[in-house]
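One structure below.
The values are calculated or read from the model by the stated rules, or taken from the named source; none is laboratory data. As the structure is a computational prediction, the values presented were derived from the model and not from experiment. So basically every Cβ, Gly included, is an ideal-geometry build from the backbone, and we count neighbours across all protein chains shown.
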């Protein structure tokens, strides 16, 4: 079984034979030995089994295609974890203090580990201090770099005064689990802001920095003359002057990555401008933005990438025009930049512009991808043209486009897809390798059918991925090969209207004595002028009130005739005329209309017909009468007796308290108005009177024979002439109040209200209100003062201007309050009461605190349970992981 | 051996703190590091852990490293040390169940899946008992599929020495008591 010792050279031969590393001579010797020595053959066969096993075992241990991505994510996570769980200086100090106190109190003997620990803590603290110093020196470095950058810009722009600079804090810092491609990055952004001021206006300069990745500079001017900013912008974008200044500035500030090796074929150029835009704001104001990329080595793939087939991007004008910024075309050859431009142009003739664009596109080695146009109602054309040009010709192409008309807006973007491109390429290679491996597996003869099916399925999936990635690469290649220019072209005065319509609307109110008759007359008038009636409503409102609305469209030449006819029907008020000019084709009606036609549309007339009553002389009076119903009947009879008088309405109301009110509204001819008014006044005391007359009313309103509207209000509730407030201190309030009620009844004094109240402290109060004629006032007040000690007495009298009524008969009102003295000492006194109160309050406080503790426990307990559970699970996991 | 300039720049950028360059470094070296780690610990997940640990250390040490040419060798040394550390930590537990006792415990029927699994466990342990040099050579051969010349370059060995190592490694495995007589 064991043909050899622990080791002999035949073992080496077996191994080399199994690994296919035998020379021809060795092979001959080996095969001879196998044929002649059965023990050697057995050893070979056993080793071959072992070899197969090792192959199988190692195949399983081979890293899968996601291995690298997993490692990257793991490393990121661990680095992040380290950063987050770094011991703070305070923690270090606390541990040091504990250790020192233990040592000083001689609780333990010092060991060499303690010494190492002290050194460790000192080292950590030193690191913390040094980090602080270094970060502050970084800030200082950036500030000085900004100063240098500003001075460079200052020279170029004649800037006299520099504004402030502000560095923001990192705004984002995250390390997430990788996405589908694992490209989530950690970003820390430092912002720099500066304002540059010169005599022509202000320039805001801003940049955002992602460390060693992207620096963006945006220049926004608010007041600079357009030519200046265009020049500045042009200078920067073409990298003729400012590029060097900016680059130096950023490099001095450490904002550009240290790696600037020009020899690396897969490295991008140190400075690039992947996006810029220029926007024409209102008037002369312009803003421009330029983003500059610092070098990054992200696009260097692990595997040597294929040389891209497209060579269109090798000499992009951004870097080739930059003089010293150029780092060799072999660098740019591997860059994958997608360049796009959008611009808005205003031209005189759309068709000419399209022809010129077609010619320019052809000259720039491109083609028109799509175009569309539409004609507005005013005959003006606008449309969009999408052209594809070779990227190296893009800048020249854009400059030439400016000659076609006025450039309203321009945006230039460059998207760097180098990383995505090579990532996809690397993944594609991995997938191809996997495909090969899977194909090898399929060839294996000893495999089971189920295994083969699984391999087939996997192979299908991998092939799908390969096709998808190939498609992506092709798309990138195409996008990189041609720059896309989207032009929105419009002819001048696009929105100007070709013709206008003058719309007129007349509104007024027509007052007439007979609304219904007038309404019919207006309809006839409208028919006479062949007007188109849009709306005609006759409304019967409450009472005898009638009103009407009328809407009619009248031809402009007939309008004056129609209005003059209407004026004869009644009094016209609130006349308004609105005129509006409307663009006929929906264009902009604010545009000047020197050339445009203006037509007059039909006039819309809207009139409201109202009863003239509302505008006549109106009289309203209130009479206080003891018997309202009788007085109302008398008033009605008087009204009916007067010739030509019409009762418009009447009402009588009685409240549960016995108060009555009445109202009567009549239309009286002017001649009999005064007589009727006198009759009304005789019904009682006139408490109010008002007269309203519209002297500027229409025809007939001023004549004395015109009807007058009289509104009579009747009431039996007269306001007291004298009001008295009395407060009397007495004992036996209840008895006294009963007594005074009896006395009042005997004296013929009306008791309007009364009330009685007793408080727990023995205080009694009774409130009584009396109403009595002034003749009985003095005697009754005298009776009241005898009830007890008068504490408060207030008298208020309203003297009336009308002396028609004698004071004696005028009503007076007395509000009386009777009250007793409350108990000074409460019943709750003495030792037992005090003890009872004390224990009661103590028990209340105790139960209150128990309840509070219960609430807190109920709130905290679930959290405590959750925390304990989480800690327990965490510990279990930790222990398992350690195992 | 002179380093490729592109690789040199990439390592420089990565050591200077460029996250994306560091990612590329990981992509470039992680498999090599894995092989070294696996050769020592003979465990897939542990080897992957060591790879991550190694790159974390590289990230930490970044700015202190001056010569990018020495970076690959440094990386592999760190890996080797980390893997040996793991092995040392693992050993006290492993020593309790030695080969021979495990071999007698087998209750599985021959040819069953359980038996195969058990056998593989034996094989892994047997590999673990081989000298590190032998394990490395076997791993480079079987895991990475290197030919002899590539292994010689990677390990700095002569052809004769490598043949001896591989011959001895396979011979030793074949003669391990736990593996003897195994028929799949």
Residue B:62 being surrounded by fewer than 17 Cβ atoms within 10 Å (Cβ to Cβ), within 13 Å of chain A (Cβ to nearest Cβ) and not in a helix (DSSP H, G or I): no
Of the residues in the range B:7-30, how many are crowded, with 18+ Cβ neighbours inside 10 Å and either touching a strand residue (DSSP E or B) at 6+ places or on another chain (Cβ under 6 Å) or farther than 30 Å from residue B:134 by Cβ (or both)? 16
If I ask for residues that are within 7 Å of chain B (Cβ to nearest Cβ) and not in a helix (DSSP H, G or I), which ones from the range A:50-82 would you list? A:62, A:63
Between A:647, A:609, which is in contact with a strand residue (DSSP E or B) (Cβ under 7 Å, 6 or more places away or on another chain), farther than 30 Å from residue A:525 by Cβ and modelled with pLDDT of 80 or more? A:647
Mind checking whether some residue in the range A:496-509 is modelled with pLDDT of 90 or more, in contact with a helix residue (DSSP H, G or I) (Cβ under 9 Å, 6 or more places away or on another chain), under 30 Å from residue A:379 (Cβ atoms) and part of a strand (DSSP E or B)? no
Return only the number of the condition from (1) exposed (fewer than 13 other Cβ atoms within 10 Å of the Cβ); (2) out of contact with any helix residue (DSSP H, G or I) (no Cβ under 8 Å at 6 or more places or on another chain) that residue A:528 does not satisfy. (2)
In the range A:639-660, how many are in a helix (DSSP H, G or I) and out of contact with any helix residue (DSSP H, G or I) (no Cβ under 7 Å at 6 or more places or on another chain)? 2
Scan the range B:125-145 for residues that are assigned to a helix (DSSP H, G or I) and over 12 Å from the mean Cα position of the chain (by Cα) and report the count. 3
Would you check if there is a residue in the range B:94-105 being under 20 Å from residue B:41 (Cβ atoms), at pLDDT below 80, away from chain A (no Cβ under 11 Å) and surrounded by 14 or more Cβ atoms within 10 Å (Cβ to Cβ)? yes
What's the number of the condition residue A:393 fails, among (1) under 41 Å from the mean Cα position of the chain (by Cα); (2) over 23 Å from residue A:490 (Cα atoms)? (1)
Can you tell me which residue is modelled with the lowest pLDDT among those in the range B:146-183 that are under 22 Å from residue A:40 (Cβ atoms) and in a loop (DSSP other than H, G, I, E, B)? B:183
Of the residues in the range B:31-45 that are within 9 Å of chain A (Cβ to nearest Cβ) and more than 12 Å from residue B:138 (Cβ to Cβ), the one that is surrounded by the most Cβ atoms within 10 Å (Cβ to Cβ) is B:33
